[in-house]
């Protein structure tokens with residue numbers, strides 16, 4: 001049976017998408033078969049246009065009109081070896097984004113059931129790890145992805161607004177849904193970014209801290225740091241997260 | 001105080017009372033909606049408002065798709081009779097539907113009885 005991971009954040013601009021891409025490659029470098037999905041339906045990233053195009057969308061999968069296996073494309077690239085990587089996108093067309101924003105609760109309930117079906121289908125087709133790059137904050141699409149995940153990664157940065165809301169999301173969404181979760185402190189300026197007085201509840205599990213380095217942003221559009229530079233602090237943090245998730249889920 | 005001043009004060013007081021009545025009426029309407037909402041479809045936000053025991057059962061049912069009380073009990077590590085009770089509570093709330101296949105009773109997420 002595979003594992004599903006939702007990469008989430010309390011607010012936008014925390015570095016979720018870069019983290020998701022690098023996490024996917026950390027798993028493929030260990031020989032895993034990975035499916036990476038862009039589920040930020042209101043602001044699609046298309047993973048920075050780094051991977052092959054697709055003309056089928058996750059929107060249609062959640063709508064029950066398309067099989068997940070038809071909506072993902074393989075990234076056939078040497079950097080993926082020894083594992084395999086498949087990616088799926090949500091539709092970036094503004095009409096599709098508008099349509100998703102207007103879906104009612106009955107549709108969202110069905111969409112959650114379809115996401116659960118996607119998980120089963122992918123795992124039975126040989127996928128080891130499903131990574132869902134969600135939208136930020138609390139809305140149906142992000143919380144549906146969280147509900148379907150075995151582990152939730154909250155990517156945040158050391159700003160009071162990000163962290164206060166993060167605590168609410170943990171208490172109001174992750175814990176009631178019974179999720180295992182870990183926090184990544186991204187874009188940190190402090191030498192000891194984990195210990196920012198008064199900002200983070202000491203009970204919140206901070207799995208890794210990533211310093212704010214300009215090359216993470218400049219290099220991330222064209223290369224995957226976990227592959228190109230495994231000793232980079234960003235890459236090291238990603239590999240730490242992989243080990244933490246493995247430890248957490250193997251103890252269950 | 002002149003008659004004009006008195007009239008103005010009375011008008012202001014009437015406006016204040018009218019505003020309060022509007023707010024009371026609004027509260028009455030929203031209470032009615034939440035009573036009816038118990039028959040709503042079970043989406044993830046409604047799931048979060050359920051009591052812990054029902055939320056655990058409903059979440060497991062979302063994962064399994066269609067399941068017997070025994071399947072649920074295996075997943076949640078509770079007694080079959082306990083899960084059966086919780087599932088039937090969810091059926092009465094309109095969140096879950098049940099159907100028979102041979103001698104087995106299967107439960108699945110419903111489409112709600114209300115809006």
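The values are calculated or read from the model by the stated rules, or taken from the named source; none is laboratory data. Only a predicted model underlies this, so the values are computations on that prediction, with no experimental measurement involved. With ideal geometry, Cβ positions are generated from the backbone for all residues, glycine too; neighbour counts draw on all protein chains shown.
Of all the numbered requirements in (1) in contact with a helix residue (DSSP H, G or I) (Cβ under 6 Å, 6 or more places away or on another chain); (2) over 23 Å from residue A:52 (Cβ atoms); (3) part of a loop (DSSP other than H, G, I, E, B), residue A:137 misses one, and that requirement is (1). For region A:183-242, filtered to residues that are farther than 23 Å from residue A:166 by Cβ and part of a loop (DSSP other than H, G, I, E, B), the residue that is modelled with the lowest pLDDT is A:221.
When the residues of region B:78-99 are narrowed to those that are assigned to a helix (DSSP H, G or I) and within 19 Å of the chain's Cα centre (by Cα), which ends up modelled with the lowest pLDDT?
B:92
Any residue at all in region A:87-103 that is surrounded by 16 or more Cβ atoms within 10 Å (Cβ to Cβ), free of Cβ contacts under 8 Å to residues at least 40 places away in the same chain and within 14 Å of another protein chain (Cβ to nearest Cβ)? Among the residues of region A:87-103, at least one is surrounded by 16 or more Cβ atoms within 10 Å (Cβ to Cβ), free of Cβ contacts under 8 Å to residues at least 40 places away in the same chain and within 14 Å of another protein chain (Cβ to nearest Cβ), which makes the answer yes. Give me the residue from region B:52-75 that is within 10 Å of another protein chain (Cβ to nearest Cβ) and more than 17 Å from residue A:109 (Cβ to Cβ) and, out of that set, surrounded by the most Cβ atoms within 10 Å (Cβ to Cβ). Among them, the one singled out is B:56.
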